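S.K.: Got a structure for you, written out below as structure tokens; questions coming shortly.
Taken together, the values in this text are just the output of simple stated rules run on the coordinates, not laboratory data. Computed from a predicted structure; not experimentally measured. Backbone-built Cβ (ideal geometry, glycine too); neighbour counts: all protein chains shown.
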Amino acid sequence: MRSLYHATLGTPAGPLTIVADPAGVVHAAGFTTDADTLLALVHPRLRRPLLARPDLGPVTAAVRSYLDGDLTAIDEVPVVQHTDGGFLAHAWETLRQVKPGEPITYTDLAALAGRPRAVRAAAAACARNAAALFVPCHRVLRIDGSLGGYRWGLSVKTWLLDHERRG
């Protein structure tokens, strides 16, 4: 059984821990130093023993580039998440198409994912997203433009949106 690796990077929004496999595919990421919390978000079929690494190579480089202003640097980082339901996976892929600095609403996400009436399912996809930043659920707002929720805190979501707006 191959291991998963984790590294924590300092960011202006707080520590970002990333869990990736040896090929550089992200399995989970979040604004925490607790890698075990992130591993718990990984689907049981994808979990592996977790080992610390100071650097995750191209994944770390992409995050640093993003923080330095290349807002699309994280777009090409591969991500794998697994769900037993088809809409969540499709919604996560759809989220990866949302451009930095151009937030959308949960209603927009449902429509972009091809199910305009599935607004609650779109919100659930954001809530269940294990790969924060790489699957940018922070770019989704309520219909009135307010922030809504974010697993890693509204101050982190605000910083990310502001960073992308400035970029």
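S.K.: If the elastic network links every pair of Cα atoms under 10 Å, which of V156, V59, V26 fluctuates the most in the Gaussian network model of the chain?
M.R.: Highest fluctuation of the listed residues: V156.
S.K.: Where both residues lie in the chain, what percent of DSSP beta bridges are antiparallel, nearest 5?
M.R.: Around 55 percent of the beta bridges assigned by DSSP in the chain are antiparallel ones.
S.K.: I need the semi-axes of the equivalent ellipsoid of region 86-153: take the C-alpha gyration tensor, multiply each eigenvalue by 5, square-root it, list largest first in whole angstrom.
M.R.: 15, 14, 11
S.K.: Working from Cα positions, state the angle (0 to 90°, nearest 10) between the long axis of helix 119-128 and the longest principal axis of the chain.
M.R.: 20
S.K.: Against the longest alpha carbon principal axis of the chain, how many degrees, from 0 to 90 and to the nearest 10, is the axis of helix 58-67 turned?
M.R.: The answer is roughly 50 degrees.
S.K.: Once fully extended, how much extra length lies between D36 and E102, figured as 0.36 nm per residue of separation less the alpha-carbon to alpha-carbon distance?
M.R.: Taking D36 through E102 to full extension adds about 20.5 nm, to one decimal.
S.K.: Separate question: Under the Karplus relation 6.51 cos²θ - 1.76 cosθ + 1.60, θ = phi - 60°, what is the ordered set of whole-Hz ³J(HN,Hα) values for region 29-36, x standing for Gly and Pro?
M.R.: Each residue of region 29-36 in turn: 7, x, 7, 7, 9, 8, 5, 5 Hz.
S.K.: A further question follows. Hey, can you grab everything whose amide H is under 5 Å from the amide H of A29? Only 5+ residues off in sequence or another chain; H modelled, so Pro and N-termini drop out.
M.R.: The list, which skips near neighbours in sequence, is V19, A131, A132.
S.K.: Follow-up. Tally Lys and Arg at +1 and Asp and Glu at -1 over the other residues with C-beta under 14 Å from the C-beta of N129: what net charge comes out?
M.R.: Net local charge, N129 excluded: +4.
S.K.: Turning to a different aspect of this structure: Once every DSSP H run of n ≥ 4 in the chain is given -39500 (n - 2.57) and the sum is divided by its residues, what mean residue ellipticity at 222 nm do you get, rounded to the nearest 500 deg cm²/dmol?
M.R.: -10000 deg cm²/dmol
S.K.: Any idea how far apart A61 and L154 come out in nm if each label point goes 7 Å out from Cα toward Cβ?
M.R.: Roughly 3.9 nm, to one decimal.
S.K.: Determine ³J(HN,Hα), in whole Hz, for all residues of region 154-167 in sequence, where each value follows from phi through the Karplus function 6.51 cos²θ - 1.76 cosθ + 1.60 and θ = phi - 60°; x replaces Gly and Pro.
M.R.: 5, 5, 5, 4, 4, 4, 4, 5, 5, 4, 6, 5, 6, x
S.K.: A further question on this structure: Mind putting together the pair-distance distribution for the chain? All Cα pairs, 5 Å bins, whole percent per bin, short to long.
M.R.: 1, 9, 19, 23, 21, 15, 8, 3, 0, 0
S.K.: Here's a follow-up. For region 1-53 and region 62-125, what is the separation of their C-alpha centers, rounded to whole Å?
M.R.: About 19 Å separates the Cα centre of region 1-53 from the one of region 62-125.
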